[in-house]
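Trainee: Take this structure first; my questions come after.
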Amino acid sequence: MLDYIDERKERFGVESICAVLKDAGVQTAPSTYNASKRPPLRRAVNDAETLKEIERVHDENHGVYGVRKAYAQLGREGGVGG
């Protein structure tokens, strides 16, 4: 849907396209389209990187580390925790 809007936005405008799509039964708000074009928030990027580290520690310890041990291990490695 985003590609469809991208291809036509210069000619018709995002709001007009979304209005026509709504009449056709496809709900897409202009704000949703605009939000999809913004870069991700730093917090979301940081959370994704932290999750990768947590999964790595969990996997390296045969999947048996819980929250407390994973947090402590990350702290020992200089990451989050302590």
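Trainee: Kindly provide the set of residues from the stretch 20-63 that are within 17 Å of residue 80 (Cβ to Cβ) and touching a residue at least 24 places away in the same chain (Cβ under 8 Å), ordered by number.
Mentor: Passing the criteria: 50, 53.
Trainee: Still on this model: Out of 29, 24, report the one residue that is touching a Cys at 6+ places or on another chain (Cβ under 9 Å) and among the small types (Gly, Ala, Ser). Before the answer, list the steps.
Mentor: Numbers: 24 fails: touching a Cys at 6+ places or on another chain (Cβ under 9 Å).
Answer to the check: 29.
Trainee: Hey, which of the helices (runs of 4 or more DSSP H) in the stretch 1-81, taking only ones fully inside, have at least 3 residues that are under 23 Å from the mean Cα position of the chain (by Cα) and of a type in the set (S, T, N, Q)?
Mentor: Fully inside the stretch 1-81 and qualifying: 30-37.
Laboratory data are not the source of any read-out in this text; all were calculated from the coordinates shown. Fair warning: this is a prediction, and the values are worked out from it, not measured in the lab. Counting neighbours? That spans all protein chains shown, and the Cβs are built from the backbone with ideal geometry, glycine included.
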